[in-house]
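I have a structure here, written as structure tokens, and I will follow up with some questions on it.
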Amino acid sequence: MLNVYQMSLGMSLYLLDLPGYGYARASHAERHAFRRLVTGALGRPRLAGVVWLLDSRREPSVDDRAIQELFAGRETPVLAALTKSDKLPRGERVARERALRETLTLDADQLIVTSAREKEGIEDLRDAIAGLVQPRTA
Ligand SMILES: Nc1nc2c(ncn2[C@@H]2O[C@H](COP(=O)(O)OP(=O)(O)OP(=O)(O)O)[C@@H](O)[C@H]2O)c(=O)[nH]1
Ligand SMILES: [Mg+2]
């Protein structure tokens, strides 16, 4: 399912919530359908950027790499939100963030440690999304 949210930020803006990818149990047909959904979304001319949700406990998978290549091929601006940080001991979060940043070769400002449960990083994520959708001056 693709959920579409209309945002009220004083301009016409939509957030497309795409389903997860890379479930081991997904059939070939499901993977193909997902691929079409995501390439369609990435091909939208007015796409401001992508918020890429990655479980902070997991190593990036082959599917994560494939998605990242799609982003790179289209020069899509990406914000990586590392989710469920509450599942990691507090002391490990910074090290985990650094490790994932290196593995994924992302800039520090592209990566935000978040927890919906503890509300960690939510304000930062909100600000980063606002930065993405600002009308860009050339
Ligand atoms: N501990 C913890 N659990 C979370 C957090 N955010 C989401 N979850 C749980 O993770 C599960 C999946 O959450 P969803 O938001 O549906 O994840 P999703 O990636 O959108 O899933 P799909 O759209 O089905 O791919 C739910 O059981 C949530 O309660 C979080 O910050 N901390
Ligand atoms: Mg979802």
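The values are calculated or read from the model by the stated rules, or taken from the named source; none is laboratory data. Since the model is a prediction, treat every value here as computed from it, not as a measurement. For neighbour counting, all protein chains shown are included, and Cβ atoms are generated from backbone atoms with ideal geometry for every residue, glycine included.
Looking at residue 26 and the list (1) assigned to a loop (DSSP other than H, G, I, E, B); (2) more than 12 Å from ligand 1 (Cβ to nearest atom), which single condition is not satisfied?
(2)
Turning to a different aspect of this structure: Scan segment 20-37 residue by residue and report those that are within 30 Å of residue 96 (Cα to Cα) and either exposed (fewer than 10 other Cβ atoms within 10 Å of the Cβ) or in contact with a Phe, Trp or Tyr (Cβ under 7 Å, 6 or more places away or on another chain) (or both).
21, 24, 25, 34
So that you can scan it fast, the table gives a plain yes or no per residue for (1) in contact with a Leu (Cβ under 7 Å, 6 or more places away or on another chain); (2) more than 22 Å from residue 66 (Cα to Cα); (3) assigned to a helix (DSSP H, G or I):
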| site | (1), (2), (3) |
| --- | --- |
| 86 | no, yes, yes |
| 93 | no, yes, yes |
| 97 | yes, no, yes |
| 102 | no, no, yes |
| 106 | no, no, no |
| 118 | no, yes, no |
| 123 | no, yes, yes |
| 127 | no, yes, yes |
| 132 | yes, yes, yes |
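Within segment 38-54, can you find the residues that are over 18 Å from residue 130 (Cβ atoms) and either modelled with pLDDT under 90 or touching a Phe, Trp or Tyr at 6+ places or on another chain (Cβ under 9 Å) (or both)?
Result: 38, 42.
Answer yes if at least one residue in segment 48-60 is assigned to a helix (DSSP H, G or I) and free of Cβ contacts under 8 Å to residues at least 40 places away in the same chain, and no otherwise. Can you show your working first?
Initially, segment 48-60 is screened for residues assigned to a helix (DSSP H, G or I), giving none.
No; the residues of segment 48-60 include none that is assigned to a helix (DSSP H, G or I) and free of Cβ contacts under 8 Å to residues at least 40 places away in the same chain.
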